[in-house]
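Chemist: Here it is, the structure in full.
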Amino acid sequence: MSTTFTLLKQEAKGIVPLYIRIQSSKPKINIRVKTNLLVPADKWMLDRNGVAFANFIKSEEGSKLNKKIIKIQDAINYKLESGVELSIDQVKEICDNIIYAEEREEEARLAEEARLAAERARKMTLSKYIKLFIEQIENGDRQTEKGTNYAKSTVRSIKQAMTQWAQFQEATGRTYDFDDIDMQCYYDYTAYLKGKNYAINSVGKCIKELKGILAAAESEGHHTNSKYKDKKFKGTRVEVDSVFLTKEELTAMMNADLSDLGPGYEIARDIFMVGVWTAQRVSDYNNISKKDINTYTRKYIVEEEDPNTKEKIEKVVREEVTYINIRQQKTGTKVAIPCSTELKMILEKYDYQMPHLEDQVINRYIKEVAKKAGICQLVEIETTKGGTPAKTRIEKHQLIHTHTARRTGATLMYLSGMDVYDIMKITGHSSPAMLKKYIKADQLQVVEKIMSKYNYFN
């Protein structure tokens, strides 16, 4: 009984198949079968047992091949010793089972992974995931892509959007799961929101937050439905009319008599003013404390006239500079903000430890403060509700909220002649285009800025 491996021709060249030769007297067999094992002909060399092959054996590929050869020999010899009369087809089957064992194991592993993923997806519904997602961003178990906790305003925005999503499902009498999200769902949902007279940007925010949750769930293996990625499945946003405050209006707010409104209104005003002079988001300016305050000594040279000699002399001036250093909650961007005279006065008032009020409280109080300051002129704004553009006139103080502070700060920096890129270093905007959205100067103010800065037109 013998089981050996050979080439079809000893003078063969290149990569060629191995043949197996089986000879046995009992059971009586004498066959040669072509296998699916391939070897380089110039490196193939049998040892006395017909299993080893010269230089090729030293490589990882050769070692794997030789192990398969040995396994095939053992399997066939076992059959022969058991008295099995092997046919050519049976030999081929034995060979292929051993040759392709690794590939089949890999296929089985991938199939099992797919099965488990599908099982996970079935267990986690969209409703369950939304609930889990909100819980995680609220308690800090889930962080942003930048590794920071979600800002309170962002959490609030997501929760509000998911409330609308839940109400939509209740109104339609249908519970949507991951696989149910398609363009028809998008059309039905946006129509529902527009039917509630929602502005375009509000509709867009609801879609944006829903897509964010769907993307997170997909990345975690809870579903494989990518229809929400369709370019038509988008949260539309339009530029909205918004206000900023002039220096005169800010002065009026600081000088307004708030004694009949209560201490909370004064605190809200001062927090808002910190937002103006830092040009930060409310999540940042509403949380400034002593740990964020830094000082350094600035040295510079000025020319003065000697009162005795009337000659020009240089004098070194040392000035202590106060600045705020924070890492923005929403973006993780680190910014340094020089303290203006106005900002420093407010910080000193509270010994550089600003009190904290909830955003909604500031929004409510600051409107009353602005009203007390006489900021009551009618402002025409354009809105889009239910998909229909409309113009309306409203008293300016009613349009003021926490984000007006950041917009006002950026606009005043711009009108003062500050370089756009220097403003970006303070506001943390990533591009001039992003900053531009915050600059709300009217056309006349822009003309005045240009005329005062450049003499090109004179």
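Chemist: Considering each of K146, K131 in turn, give the residue that is in the same structural domain as H222 (by TED's automatic domain parsing), assigned to a helix (DSSP H, G or I) and exposed (fewer than 14 other Cβ atoms within 10 Å of the Cβ). Write out each step before concluding.
Modeler: Working: K146 fails: assigned to a helix (DSSP H, G or I).
Only one candidate passes the filter, namely K131.
Chemist: Further question: Scanning for something among the basic types (K, R), within 25 Å of S242 (Cβ to Cβ) and not in a helix (DSSP H, G or I), does the stretch 165-175 turn up at least one residue? Give the derivation first.
Modeler: Initially, the stretch 165-175 is screened for residues among the basic types (K, R), giving 174.
Restricting the remaining residues to those that are within 25 Å of S242 (Cβ to Cβ) gives none.
Looking through the stretch 165-175, none of the residues is among the basic types (K, R), within 25 Å of S242 (Cβ to Cβ) and not in a helix (DSSP H, G or I).
Chemist: A follow-up question, please. I need every pair where a residue in the stretch 76-87 that is among the hydrophobic types (A, V, I, L, M, F, W, C) has its Cβ under 9 Å from the Cβ of a residue that is loosely packed, with under 12 Cβ neighbours inside 10 Å, sequence separation at least 6 or different chains.
Modeler: L80/K26; V84/Y78
Chemist: Could you tell me whether any residue of the stretch 231-251 is under 30 Å from E113 (Cβ atoms) and either in contact with a Leu (Cβ under 7 Å, 6 or more places away or on another chain) or loosely packed, with under 13 Cβ neighbours inside 10 Å (or both)?
Modeler: So the first thing to find is which residues in the stretch 231-251 are under 30 Å from E113 (Cβ atoms), and the list is 233.
With either in contact with a Leu (Cβ under 7 Å, 6 or more places away or on another chain) or loosely packed, with under 13 Cβ neighbours inside 10 Å (or both) added as a condition, the list becomes none.
Scanning the stretch 231-251 turns up no residue that is under 30 Å from E113 (Cβ atoms) and either in contact with a Leu (Cβ under 7 Å, 6 or more places away or on another chain) or loosely packed, with under 13 Cβ neighbours inside 10 Å (or both).
Chemist: Can you confirm whether the stretch 290-309 contains a residue that is surrounded by fewer than 10 Cβ atoms within 10 Å (Cβ to Cβ), among the β-branched types (V, I, T) and out of contact with any Asp or Glu (no Cβ under 8 Å at 6 or more places or on another chain)?
Modeler: yes
The values are calculated or read from the model by the stated rules, or taken from the named source; none is laboratory data. Only a predicted model underlies this, so the values are computations on that prediction, with no experimental measurement involved. Positions of Cβ are generated from backbone atoms using ideal geometry, with glycine treated the same way; all protein chains shown enter the neighbour counts.
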